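Asker: First, the structure itself, so that you have it in front of you.
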Amino acid sequence: MGGGQAAAESSGYPKLNFNPKGRQIRDIYQDRIKQFTAEGQYASQNLRSMWDHDSESSKDYVKLESYSVPELARPLFKEAIKATFKPTSKGQLFGPSWSTHWFKIHIKIPSRMLKQKRLEFHFDANCEGLLYTEDSEPVQGLTGGGERVAWLIPDSWRDEKEHLFYVEIGCNGMFGNPTGGDTIQPPDPNRFFQLSKADIVAPNLDAQALYIDYWILGDASREFPGDSWEAHSATQIANEIVNTFVPGSQESILKCREIAARYVGNNVDSAKVYDTDTDPLVYATGHCHIDTCWLWPFDETKRKVARSWASQCNLMDEYPEHRFTCSSAQQYKWLEMYYPKLFARVRENVKKGKFQYIGGSWVEHDTNLPGGESLVRQFILGQRYFQSRFGERCTTFWLPDTFGYSSQLPQLCRLAGMTRFMTQKLSWNNINKFPHTTFNWIALDGSQVLCHMPPSETYTAQAHFGDVRRSVTQHKSMSDDATSLLVFGHGDGGGGPTAEHIEKLRRCRGISDTVGLLPRVKMGDSVDSFFARLEKKGSKAFATWYGELYFELHRGTYTTQSNNKKNNRRSETLLRSLEMLAAYASLKATTDYKYPKKDIDELWEIICLCQFHDCLPGSSIEMCYRDSDKLYGELFRRGTKLIHAAAEALGIKTVPGPDSQLIGVNTLPWGRTSLVKLPKEAGKYVSQKFTDGSEGGYAFVTSEGPGLARVQEISPASPRVSVTETSKDVFILENDKLKVKIQGGVITSLIDLATDRETIPEGRKAGQLVIMDDKPLYWQAWDVEVYHLETRQELSPHSACILESGPLKASLLVETRISKSSWIKTTISLQAAVCGAGNYVEFDCEIEWREDKKFLKVEFPVDVHNTEASYETQYGIVRRPTHYNTSWDMAKFEVCCHRWADLSEHGFGVSILNDCK
């Protein structure tokens, strides 16, 4: 016992002895434990007072100059250091938000500090930064605000000579520049950041090690049950440390560490803590979840990658057991392009098995909204990149943070060579608790992957005692296998693990070997080896889950940022047409046409990048959508040019001229007939027998399958469509297949003439616009809650008129005022029933949307009965309930589909088709 505790016992003072009724006494000691490392009134007397041995920041030893980059540009090292630098100092402000500032720093180690065991340079501008050596190598990421602000000064600099290095800062925090202290609010464009540290520091390594010892002891005291021996013992030892510590006494720190070792073990200062024969339960891997965009634009992510991965390479040098896992081929490619020296360092650590690329995809993408071909390209681009740079493809699909999981992912993973899947997001479900930790996930075709969701329920664990303990207490598949992954490190904004995280895990392993009840934790293994051990048990050892992993949160992401979602679908369609025409041209062209593979791969990289799980779903800040608009604009420009080139190689003129003929090309794999609106200039050159005679005109194009299509001749005997106004605001659209009654701007009757069946239930209205409140519990861009359905209000059109009267197409224009500043114009059309066409009513909408916290929907009630509806997903159909029998059914009040949804019964059904989402 320490002297203070012994004195208390001999003097007759009460002993530290707790029981279930002694909670108030225990709380007193808990507060005392916190005071020992806290800032505030006791900081000059507690452990913080001995944090450093020495520091130096005077101009004699630290000289600072800065260059503020104009116009929010982000120049690379070689360009930036050519600029004119001006003297600066600590205390200066730098900004505004998103601006970049470079610092030229000269330091000289004071002679009094030369014999210190470790020397660091501390730089804290309270924003993110990256430190470079003089030869342009990025060597240390900086988070700012007291987190990750130190760089280990090379021993070769202990020569009392002046040495030069650089720091680049970006004026944003790890989570961008949110307003009002709420992370997900729009960014403040005028934040400024103060340079608070630029110091040479000799840290007190023993004091910092005691801090970690004590941190874990305090966690054990709080996290173990209050009446347990483990909690009581941790509290006793922590209290004893406080009594033993003497401010200013290095000897007392060493004594305190000896006391702590009784609980945390003796090997916590080295990787030897893992050198035991005991099998671990928790496999810990470092991770740095860097959203490719979110609260910051794509260009900032490029720098976040460099900052984070430079820091991780340093930790690998210092901690032999440290393993770092990171996905997204796009981020590796950016590093290779902009930071080649750091990329070489990463590649060297990959060879050593320390830096572990994973995931096999281009980015950590959304899986609900992209088309099937897009998901395939995510894997093709990702796997090819990883194989080309590192020699092997990935075997584990890594997607911890996305908003639901398509039922087809297991099949596509298998086809891409991946048999394992790691995710976590379903732990956020807000209605039903997902029942498994480790399980087999089975796709529509029966393909399966082995899935694991870390029971700590985070992919950014802070390596606390509680994270390790929850890896067992929240494990839902203990009867199948008790092991789990612990994925730790600062995420979202990047950064990854810190030395503190690794030190805490060393002590957690020490506790498991001395006290016993804490789950045994291990570092040093890869995620792939963790899954390989699970796979040895065989698939029958684990539960199964069939079909989609529906995420019961963030349902608004099926809707948010509609224009971005439409650009995604347009780009997918364009690339499909381009690849088909380019393939035909490369085989059939009489010229020296060559398939533009490089261009097409680059365009797919744009699509896949914009399908990142915060970009396509609509949960990023406005800056990101300015970026994606530019990227899509480039894609449409380049893609259209390539389509024209392929068509020209096939002898198809894309610009009408005097000798023009109408030629159709069907890029779909099935036969179809489509009514095509011709451009105005085409009407000058095209024979009237192929059009309806109007300006530009319409033409019906028919094909039996993919390839060239024929244009239908139009004659007086051809099928027609008509529109009549039978009374005020009551219109009838009719062709040979359908009779549509539109009253008050909505469909009140839709009769299938072949069966004489009414589709619209009596008293109901199809095409009815409704507006609802969009005020979720928190995540405004992400969520729509079940109660929003209760706020439904119908919108009434204020005008309807005939826009086109046939003979090939008849249309009504319906105008609806949503509010003083928002409106929608809806064109309702019916085509002539030519060659199989004309069996659908078409709605084309132009919307001016200036609403806040509102949700616009359109309803199509139909007189069809089934307990399930069908929805298009990638390469298949998902069937979902049309009832609320259970809480699992009710949770799916908002669902995702691609281009169609269908409700059918035997012999009859109705589908809704769309061109976007």
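Asker: In whole Å, what are the Cα extents of segment 752-903 along the three principal axes, biggest one first?
Answerer: Reported extents, whole Å, longest axis first: 52, 40, 33.
Asker: Please name whichever of SER796, TRP309, GLY556 sits farthest to the positive end of the charge dipole of the chain, dipole taken about the Cα centre and charges placed at Cβ: Lys and Arg +1, Asp and Glu -1.
Answerer: My answer, from the dipole projection, is TRP309.
Asker: Can you quote the Å³ per residue value for the convex hull of the Cα atoms in segment 624-678, rounded to an integer?
Answerer: Looking at segment 624-678, the number lands at 144 Å³ per residue.
Asker: Using a 1.4 Å probe on the protein chains only, how many percent of the accessible area of segment 167-322 belongs to carbon and sulfur?
Answerer: 47
Asker: In segment 811-878, what percent of the accessible surface is made up of carbon and sulfur (1.4 Å probe, ligands and nucleic acids excluded)?
Answerer: With neighbouring chains kept in place, the figure for segment 811-878 is 45 percent.
Asker: Take each complete run of DSSP H in the chain, measure how far its Cα atoms stretch along the helix's own axis, and keep only those covering 15 Å or more with mean Kyte-Doolittle hydropathy at least 0.0; list them.
Answerer: Span-like helices in the chain: 597-610.
Asker: For the chain, what is the accessible area per residue in Å² when the probe is 1.4 Å?
Answerer: 43
Asker: Sticking with this one: For segment 431-587, what number results from the quotient of the Cα radius of gyration and 2.2 N^0.38 Å?
Answerer: So the Cα radius of gyration is 1.42 times the expected 2.2 N^0.38 Å.
Asker: Pull up the cross-link candidates among the lysines for LYS594, meaning alpha carbon to alpha carbon under 19 Å and not fewer than 8 places away within one chain.
Answerer: By straight Cα distance, LYS594 reaches LYS641, LYS653.
Asker: Turning to a different aspect of this structure: For a quick protection proxy, order the peptides 498-510, 538-550 by their average other-Cβ count within 10 Å, most packed first.
Answerer: Going from most to least packed, we get 498-510, 538-550.
Asker: Cut-off under 17 Å on the C-alpha distance; same-chain residues fewer than 8 positions from LYS765 excluded. Which aspartates and glutamates are left, in chain and number order?
Answerer: By straight Cα distance, LYS765 reaches ASP729, ASP752, GLU794, GLU815, GLU842, GLU859, ASP863.
Asker: For segment 690-801, what does the alpha-carbon gyration tensor say about shape, rounded, prolate or oblate, given a ≥ b ≥ c as the root eigenvalues, a/c under 1.5 as rounded, and a/b over b/c as prolate?
Answerer: prolate
Asker: Moving to a separate point now. What's the Cα-based Rg to Rh of segment 554-679, Rh via Kirkwood?
Answerer: Taking Rh as the inverse mean 1/r over Cα pairs, Rg/Rh reads 1.04.
Asker: Separate question: Using the alpha-carbon centroid of each, what span in Å lies between segment 510-583 and segment 311-339?
Answerer: Taking the Cα centre of each part, segment 510-583 and segment 311-339 sit 21 Å apart.
Asker: Right, another one. Which whole-number value in Å³ per residue fits the convex hull of the alpha carbons of segment 498-588?
Answerer: Hull volume normalised by residue count: 311 Å³.
Asker: Could you bin all the Cα-Cα distances of segment 48-190 into 10 Å bins starting at 0 and give me the percent of pairs in each, rounded to whole numbers?
Answerer: 11, 39, 34, 14, 3
Asker: Here's a follow-up. For segment 295-351, go through all pairs of different Cα atoms, get the mean of 1/r, take its inverse, and jot down that Kirkwood value in Å.
Answerer: Kirkwood hydrodynamic radius for segment 295-351: 11.8 Å.
Asker: Shifting gears a bit: Compute the relative contact order of the chain as a whole-number percentage, counting only Cα pairs closer than 8 Å that sit 6 or more residues apart in sequence.
Answerer: 9
Asker: Once every Cα of segment 256-401 carries one equal point scatterer and solvent is ignored, give the base-10 log of I(q)/I(0) from the Debye formula at q = 0.18, 0.19 Å⁻¹, two decimals.
Answerer: -1.07, -1.16
Asker: Report ³J(HN,Hα) in whole Hz for each residue of segment 858-869, in order, from the Karplus equation J = 6.51 cos²θ - 1.76 cosθ + 1.60 where θ = phi - 60°; Gly and Pro get x.
Answerer: 10, 10, 10, x, 9, 8, 9, 10, 7, 7, 9, 10
Asker: Which of the lysines could a cross-linker span from LYS304 if the Cα-Cα distance has to be under 19 Å and same-chain partners fewer than 8 positions apart are dropped?
Answerer: LYS78, LYS333, LYS341
Asker: Show me the three semi-axes of the equivalent ellipsoid for segment 90-131, from the C-alpha gyration tensor (sqrt of 5 times each eigenvalue), largest first, rounded to whole Å.
Answerer: Here the semi-axes work out to 28, 10, 9 Å.
Asker: Return an integer: the convex hull volume of the alpha-carbon atoms of segment 253-325, in Å³ per residue.
Answerer: For segment 253-325, the hull spanned by Cα atoms encloses 154 Å³ per residue.
Asker: Students sometimes get this wrong: rank ASP614, ASP269 by accessible area, probe 1.4 Å, all chains present, largest first.
Answerer: Descending order: ASP269, ASP614.
Asker: Something else now. For every helix of n ≥ 4 consecutive DSSP H residues, a contribution of -39,500 (n - 2.57) applies; sum these over the chain, divide by its total residues, and give [θ] at 222 nm rounded to the nearest 500 deg cm²/dmol.
Answerer: -9000 deg cm²/dmol
Asker: Give me the one-decimal Kirkwood hydrodynamic radius in Å for segment 826-917, with the sum taken over alpha-carbon pairs.
Answerer: One decimal place: 15.7 Å for the Kirkwood radius.
Asker: Please sort by residue number the GluC sites (Glu not before Pro) in segment 45-150 whose DSSP state is loop and whose Cβ has at most 16 other Cβ atoms within 10 Å.
Answerer: GLU134
Asker: What Kirkwood hydrodynamic radius do you get for segment 156-270 when you take the inverse of the mean 1/r over all pairs of distinct Cα atoms, in Å?
Answerer: By the Kirkwood definition, the hydrodynamic radius is 18.5 Å.
Asker: Dipole magnitude of the chain about its Cα centre, charges +1 at Lys/Arg Cβ and -1 at Asp/Glu Cβ only, in debye to the nearest 20?
Answerer: Once rounded to the nearest 20, the dipole reads 1000 debye.
Asker: Give me the orientation-averaged projected area of the Cα convex hull of the chain, in nm², one decimal.
Answerer: 45.4
The values are calculated or read from the model by the stated rules, or taken from the named source; none is laboratory data. Everything numeric in this text was worked out from a predicted model, so none of it was measured. Using ideal geometry, Cβ is built from the backbone for each residue, glycine included, and neighbour counts are taken over all protein chains shown. Ligands, DNA and RNA are excluded from the accessible area calculation, which covers all protein heavy atoms including side chains. Shrake-Rupley method; radii C 1.70, N 1.55, O 1.52, S 1.80 Å.
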